[in-house]
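Asker: Could you have a look at this structure, given as structure tokens, before my questions?
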Amino acid sequence: EKADLGEVNFSLCYLPTAGRLTVTVIRASNLRAMDLTGYSDPYVKASLMAEGRRLKKRKTSIKKNTLNPNYNEALVFDVPHESVHHVSLTIAVVDYD
């Protein structure tokens, strides 16, 4: 049975002329409480993957004591146009502590 861990809202934009992939993390909602206080200190980690290996990673700021953080942060990856079909993106919400 799959546990409900919450949701992450984000957008992707690829600009082929600049070879730039922008991941805009908007918000997360209904996250699971991980601290004794009943809240979490979440941040979002995005990893650019190719052939099972992590090429690059970026992360947002940490939002303290919340289960519904708002980020509105852009994470930018340089991805050449000829490589864009060979990479994937992994997005995870992590509790800071």
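Asker: Would you please give the residues with an amide H less than 5 Å from that of LEU55, counting only those at least 5 places away or on a separate chain, with H modeled from the backbone geometry?
Answerer: Here the answer is LEU48, MET49, ALA50, since their amide H atoms fall under 5 Å of that of LEU55.
Asker: Quick one: how many lysine pairs does the chain have with C-alpha atoms less than 25 Å apart and a gap of 8 or more or different chains? Give me the count, please.
Answerer: On the way: LYS2/LYS45; LYS45/LYS56; LYS45/LYS57; LYS45/LYS59; LYS45/LYS63; LYS45/LYS64.
Lysine pair count for the chain: 6.
Asker: I've got another one for you. Once you put a point 7 Å from the Cα of ASP4 and another 7 Å from the Cα of ALA92, both along the Cβ direction, what distance in nm separates them?
Answerer: 2.4
Asker: Return the long-range amide H neighbours of TYR39 (sequence gap of 5 or more, or a different chain), with a cut-off of under 5 Å between placed amide H atoms.
Answerer: Under 5 Å from the amide H of TYR39 lie the amide H atoms of MET34, each far enough along the sequence or on another chain.
Asker: Restricting attention to the alpha-carbon atoms of the stretch 5-93, what are Rg (one decimal) and Dmax (integer), both in Å?
Answerer: 14.5, 48
Asker: Counting only the heavy atoms of the protein chains, how much of LYS59 is accessible to a 1.4 Å probe, in Å² to the nearest 10?
Answerer: 130
Asker: Using modelled backbone amide H atoms (1.01 Å from N, in-plane), which distant-in-sequence or interchain residues come within less than 5 Å of ARG20's amide H?
Answerer: HN-HN under 5 Å from ARG20: LEU15, VAL79.
Asker: Could you check the simple spin-label distance between ARG27 and VAL76, using points 7 Å along Cα→Cβ, in nm with one decimal?
Answerer: Modelled inter-label distance: 2.6 nm.
The values are calculated or read from the model by the stated rules, or taken from the named source; none is laboratory data. Here the structure is a predicted model, which is why all the values come from computation and not from measurement. Positions of Cβ are backbone-derived with ideal geometry, glycine not excepted, and every protein chain shown enters the neighbour counts. In case anyone asks, the SASA skips ligands and DNA or RNA and just uses the protein heavy atoms, side chains included. Shrake-Rupley method; radii C 1.70, N 1.55, O 1.52, S 1.80 Å.
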